[in-house]
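Below is one structure, written out as structure tokens; comments come after it.
Quick note: the coordinates plus some simple rules give every number you see, no bench work behind them. Just so you know, these numbers come straight off a predicted model, no measurement behind them. Cβ placement follows ideal geometry from the backbone for every residue including glycine, while neighbour counts extend to all protein chains displayed.
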């Protein structure tokens, strides 16, 4: 190895070390209790809820969602002899839904991406953002119609959508194979 090659490799190693150190320092500042938003860089304004308070950040894809936590609720959806399970987030809207169960819903297909069924009573929107961009496999609520929604296709952001939780396994694909309207029985699962 020539002296110039040695200096080039040493320079790359130092640059990599500096990048790692800078990233670690930024992470420590961002995670430090009491750090203000001016201490950490941001590239976008955080959405707010209908009351103006910051909305909880939501992952953009199902792959980045956190695993099932202890503060979740589980439901079962039965359609034409098939059983699907879903995990609901711990929110006022999800708790309101579980309080209405069991229910039998006549669900309509909309746009080849979702099945919707009207609830007997609206769900609370406390702590929810003005709208959402649900992922394939999400369980949602469409507030303007008081509808439960099973998303089996790609629905973009829309005001009034609240993501309640997530269907498990291949449920979205199986629901996608059910053309037209369906009758769904929804019940809480005891874990």
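Exactly one condition in (1) in contact with a helix residue (DSSP H, G or I) (Cβ under 8 Å, 6 or more places away or on another chain); (2) surrounded by fewer than 16 Cβ atoms within 10 Å (Cβ to Cβ) is not met by residue 183; state its number.
Going through (1) in contact with a helix residue (DSSP H, G or I) (Cβ under 8 Å, 6 or more places away or on another chain); (2) surrounded by fewer than 16 Cβ atoms within 10 Å (Cβ to Cβ) one by one, residue 183 breaks only (1).
Of the residues that sit in region 113-148 and are surrounded by fewer than 16 Cβ atoms within 10 Å (Cβ to Cβ) and in contact (Cβ under 8 Å) with a residue 60 or more places away in the chain, which one is nearest to residue 102 (Cα to Cα)?
If we take residues in region 113-148 being surrounded by fewer than 16 Cβ atoms within 10 Å (Cβ to Cβ) and in contact (Cβ under 8 Å) with a residue 60 or more places away in the chain, then 127 is nearest to residue 102 (Cα to Cα).
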